[in-house]
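A.B. asks: Handing you this structure, nothing more for now.
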Amino acid sequence: MPQETPEILIGVELGYQFIRIAAVNPSGEVVEFRRERLNPEAMTSSRSLVDQMLSVVKSLIADHSPKSQVLALGAAFPGVVEHSSFRVVNLPHAPGLNNLDLHGEFHNAFEVPVYIENNANAMAYAEMQRGVAKGESDWLYLHIGTSVGAGLVLDGKLRRGKSGFAGEIGHINIEPEGLECACGSFGCLETMASAPNIVRRTKLRLRRDATSSLSRLGTVGGFGYDDVITAANNGDDFARMMLDRTGHFIGRAVAGVINLLNLSLVAIGGPPDARPHLVKGIAAEAQRRAFAPAFNDCRIIAAELGEEASVIGAALLAHKSI
């Protein structure tokens, strides 16, 4: 009796520095996960960026063919996706992609069903299927990284709004007199809580506190968000304070969402080692600002899945769409 050909899904995510890709089985289990750094040409040319993504997908599929059958491909992007057309209409770090038919590019290259999604929505779907949100009907996934985004689930379904633009929590105003955001508004959450702005605030604060281990890094070329997280986990009180303060900024926005939607869960994503520090500050500030009965209904916890979340979610959403 001939052996059945295993079925796989492909999930791929464009990050700010890396392309992440995975082969996933229809149950959401990762068969293989890879991460490839963006090449210099891809950082400056939209065509080169798309070509590198296509090349990464082609390589993974080739390594699993003909042993496996690819059912569908899901691609996740850290920007606004117009869901009705699968067009990326706002991608701050690669605006040239706004003018390309990415859905058509992937479909023509691989001739399988293709699904395009915002990365926070893909992460939320993965957590709902394989992580902390299994069984939750009304909840929020919050991604803290180079940008700040959210995936909203109500009545057990991802909610994208009229055109797919829902979830832009990073552009909720929390500081009326704050810095100008890339979106043109002032005082957005992203100007305080995104990874580059966490580093910016940390460097400013270090001028008044030179006792942190980060001060030494600052004298030998600077530091990034990963360094702040590492210092916090190594017991650096200053780094812990900066992550805790970041959590308080996020908690201001989260409190309003909890009040509006009476959520059962808020799951905090982003680098796993940062999540416990952020959760503490977010929960404390949300409790201080939210309507008490609504806050008491809601758990604020760390998400379960790591950097593979977006590609798992994109792959499973592609499978669901078939």
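The values are calculated or read from the model by the stated rules, or taken from the named source; none is laboratory data. Keep in mind that this is a model prediction, so the values were computed, not measured. Counting neighbours? That spans all protein chains shown, and the Cβs are built from the backbone with ideal geometry, glycine included.
A.B. asks: With the requirement that a residue be free of Cβ contacts under 8 Å to residues at least 40 places away in the same chain and either of a type in the set (Ser, Thr, Tyr) or not assigned by TED's automatic domain parsing to the domain that holds residue 46 (or both), what does region 6-25 give you? Can you show your working first?
C.D. replies: Of region 6-25, the ones free of Cβ contacts under 8 Å to residues at least 40 places away in the same chain are 17-19, 25.
Result: no residue meets the conditions.
A.B. asks: State yes or no: is residue 94 modelled with pLDDT of 90 or more and of a type in the set (Gly, Ala, Ser)?
C.D. replies: Values: modelled with pLDDT of 90 or more: no; of a type in the set (Gly, Ala, Ser): yes.
When the stated conditions are applied, residue 94 does not pass them.
A.B. asks: Can you tell me how many residues in region 1-38 are over 14 Å from residue 314 (Cα atoms) and either touching a Leu at 6+ places or on another chain (Cβ under 9 Å) or assigned to a strand (DSSP E or B) (or both)? Spell out the reasoning first.
C.D. replies: In the first step, residues of region 1-38 are kept if they are over 14 Å from residue 314 (Cα atoms); the result is 1-7, 16-18, 31-32, 34-38.
Okay, now just the ones that are also either touching a Leu at 6+ places or on another chain (Cβ under 9 Å) or assigned to a strand (DSSP E or B) (or both), so 7, 16-18, 31-32, 34-38.
Looking only at that region, the number is 11.
A.B. asks: Which one is farthest from residue 143 (Cα to Cα), of the residues in region 30-82 that are touching a residue at least 60 places away in the same chain (Cβ under 8 Å) and of a type in the set (D, E, K, R)?
C.D. replies: Checking each candidate, the answer is 67.
A.B. asks: While we're here: Report every pair of residues separated by at least 6 positions or lying on different chains whose Cβ atoms are under 6 Å apart, first residue within region 255-275 and under 9 Å from residue 139 (Cβ atoms) and in the same structural domain as residue 172 (by TED's automatic domain parsing), second among the hydroxyl-bearing types (Ser, Thr, Tyr) and outside any helix (DSSP H, G or I).
C.D. replies: 267/141
A.B. asks: For region 116-132, how many residues meet the condition of being in a loop (DSSP other than H, G, I, E, B) and of a type in the set (A, V, I, L, M, F, W, C)? Working first, answer last.
C.D. replies: In the first step, residues of region 116-132 are kept if they are in a loop (DSSP other than H, G, I, E, B); the result is 131-132.
Remaining after also requiring of a type in the set (A, V, I, L, M, F, W, C): 132.
Final tally of qualifying residues: 1.
A.B. asks: If you don't mind, there's one more thing I want to ask. Considering each of 163, 194 in turn, give the residue that is touching a His at 6+ places or on another chain (Cβ under 8 Å) and in contact (Cβ under 8 Å) with a residue 40 or more places away in the chain. Step through it out loud before you land on a result.
C.D. replies: Working: 194 fails: touching a His at 6+ places or on another chain (Cβ under 8 Å).
Going through 163, 194 in turn, the sole match is 163.
A.B. asks: Mind counting the residues in region 65-79 that are surrounded by fewer than 16 Cβ atoms within 10 Å (Cβ to Cβ) and either hydroxyl-bearing (Ser, Thr, Tyr) or at pLDDT below 90 (or both)?
C.D. replies: Taking region 65-79 and keeping what is surrounded by fewer than 16 Cβ atoms within 10 Å (Cβ to Cβ), we get 65-67, 69.
If we keep only those that are either hydroxyl-bearing (Ser, Thr, Tyr) or at pLDDT below 90 (or both) too, we end up with 65-67.
Number of matching residues: 3.
Conditions (1) touching a Lys or Arg at 6+ places or on another chain (Cβ under 8 Å); (2) closer than 22 Å to residue 200 by Cα; (3) part of a helix (DSSP H, G or I), marked per residue:
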residue: 249; (1), (2), (3): no, yes, yes
residue: 254; (1), (2), (3): no, no, yes
residue: 260; (1), (2), (3): no, no, yes
residue: 263; (1), (2), (3): no, no, no
residue: 283; (1), (2), (3): no, no, yes
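Table: residues versus (1) under 16 Å from the mean Cα position of the chain (by Cα); (2) at pLDDT below 95; (3) part of a loop (DSSP other than H, G, I, E, B); (4) buried (at least 17 other Cβ atoms within 10 Å of the Cβ).
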site: 81; (1), (2), (3), (4): yes, yes, no, yes
site: 104; (1), (2), (3), (4): no, no, no, no
site: 134; (1), (2), (3), (4): no, no, yes, no
site: 143; (1), (2), (3), (4): yes, no, no, yes
